[in-house]
Amino acid sequence: MQLGERIKNVILRNMDYEAAIKIGPETNLMRDLELDSIRMAYLLADLEEEFHMIIGMDEISPAMLTRFQHLEDYVRLKTAPELQPEGKEGSFG
């Protein structure tokens, strides 16, 4: 399964299916999908669990939480094997 599809599946856990099927690179997570702060917190926690990573508070930005493509790019960067400490693929910290 592609990274974007995995992220969409995580988003589905935090909202209704009808809204999630229209997700594309330009989708605004907060406006188009109506993710409020509580759902966004659950989304970030679910992303950490799904991708075995830690999202630092200082890494969360409005841009990352707005466009789906930005979120996908962030997850791709955080899970890039060459950036992981030896023996800890997919996880920082």
Quiz item: If residue 23 passes every condition in (1) in a loop (DSSP other than H, G, I, E, B); (2) open to solvent by less than 80 Å² (accessible area, probe 1.4 Å); (3) out of contact with any helix residue (DSSP H, G or I) (no Cβ under 8 Å at 6 or more places or on another chain) but one, which one does it miss?
Solution: (3)
Quiz item: If you take the residues in the stretch 70-93 that are surrounded by fewer than 14 Cβ atoms within 10 Å (Cβ to Cβ) and at pLDDT 90 or above, which one is farthest from residue 5 (Cα to Cα)?
Solution: 77
Quiz item: If you scan the stretch 26-40, which residues turn out to be of a type in the set (D, E, K, R) and outside any loop (DSSP other than H, G, I, E, B)?
Solution: 39
Quiz item: Condition test on residue 15, is it open to solvent by 60 Å² or more (accessible area, probe 1.4 Å), of a type in the set (A, V, I, L, M, F, W, C) and not in a helix (DSSP H, G or I)?
Solution: no
Exercise. Check whether at least one residue in the stretch 1-11 is in a helix (DSSP H, G or I), among the small types (Gly, Ala, Ser), open to solvent by 50 Å² or more (accessible area, probe 1.4 Å) and modelled with pLDDT of 90 or more, and report yes or no.
Key: no
Practice problem: Among the candidates 43, 47, 65, single out the residue that is modelled with pLDDT under 90, open to solvent by less than 50 Å² (accessible area, probe 1.4 Å) and part of a helix (DSSP H, G or I). | Solution: 65
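The values are calculated or read from the model by the stated rules, or taken from the named source; none is laboratory data. What you see is a predicted model; the values in this text were computed from it and never measured. Note that we place each Cβ from the backbone using ideal geometry, even for glycine, and neighbour counts take in every protein chain shown. Calculation scope for accessible area: heavy atoms of the full protein, side chains included, ligands and nucleic acids excluded. Shrake-Rupley method; radii C 1.70, N 1.55, O 1.52, S 1.80 Å.
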